[in-house]
Amino acid sequence: MNDFPPALDLVLAALEQMRERGEKRPRASRSSLVELRSVRPTRSGTGRSPSLQVKSDKPALLAAIQTRVAVCIKCPHLARTRTQTVFGVGNPDAELMFIGEAPGADEDRRGEPFVGRAGQLLTKIIETMGFQRGDVYIANVLKCRPDMPPGSSGNRPPTPEEMQTCLPYLAEQIDIIQPKVLIALGATAVEGLLGTRGVMREMRGKWHSHHDTPLMITYHPSYLLRTQAPSEKRKVWEDMLQVLARIERPITEKQRNYFL
Ligand code: URA
């Protein structure tokens, strides 16, 4: 029993080295290393066999990242122009994690992802899937609103540099939440998660993988708002039906026949 903490230290040191070297297997996420550090060896009722008690404190782990994000100035131009950072919202134990691009003007004002028109459509999709918004987790590739020239409205996509700078925060969020399924909304989310900018028409509706987590790619709600084409809306809904099947949620006849 006395030998146990040094043994754990050795394992942790080895895992940390692997992480530093960028080795993929076995995977040592930042959050699991934090959790392992909090392991306390305990004795069972007989007092003989030591057992591990890993206490998962996802809200605290997420709050710690959120605090770092709130004061992030890695992109000075974005730190200067944002009202506030937009970290992410939802259930730390969510089965589903939706990933968007970046905050727009509404999100920048409110500090919450997907609260504008696209957000209302996303919320409708989530609710039609049988969840409340607070049951799932919603985050973006970028935590700051991409700045726009003075006087111009609208949004611009994040630059590759902005994405590379901000992506480690999203990686940490995913590591902690460990959703059953990730849903990439649009091409920027795909690029952030897979590192490739493919053709949405070809990638959507198929299963991909982000590390070991199944990833469904679908269209961004803003695209649906722009096209208003029922056929495109139906495709997104079919993608969500695949997600429901993957997490083994019963699908009603009404859901199956639904058009967004
Ligand atoms: N579009 C996004 O990609 N994210 C948001 O938070 C809002 C709109």
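Couple of notes before you dig in:
- For the residue pairs Lys124/Lys206; Lys58/Lys233; Lys143/Lys180; Lys74/Lys124, alpha carbon separations beyond 29 Å are given by Lys58/Lys233; Lys74/Lys124.
- Stretching Glu253 away from Lys74 to a fully extended chain increases their span by 59.6 nm, per 0.36 nm per residue minus the current alpha-carbon distance.
- Whole-Å semi-axes of the ellipsoid equivalent to region 70-111 (Cα gyration tensor, √5λ, descending): 23, 12, 9
- Mean Cβ neighbour count within 10 Å, used as a protection proxy, ranking 96-103, 237-244, 206-213, 126-133 highest first: 96-103, 237-244, 126-133, 206-213
- Arg117/Ser56 FRET efficiency (R0 45 Å; Cβ-Cβ; nearest 0.05): 0.80
FYI, it's all coordinate maths here, none of it is from the lab. Just so you know, these numbers come straight off a predicted model, no measurement behind them. Ideal geometry is used to build each Cβ from the backbone, glycine not excepted, and the neighbour counts take in all protein chains shown.
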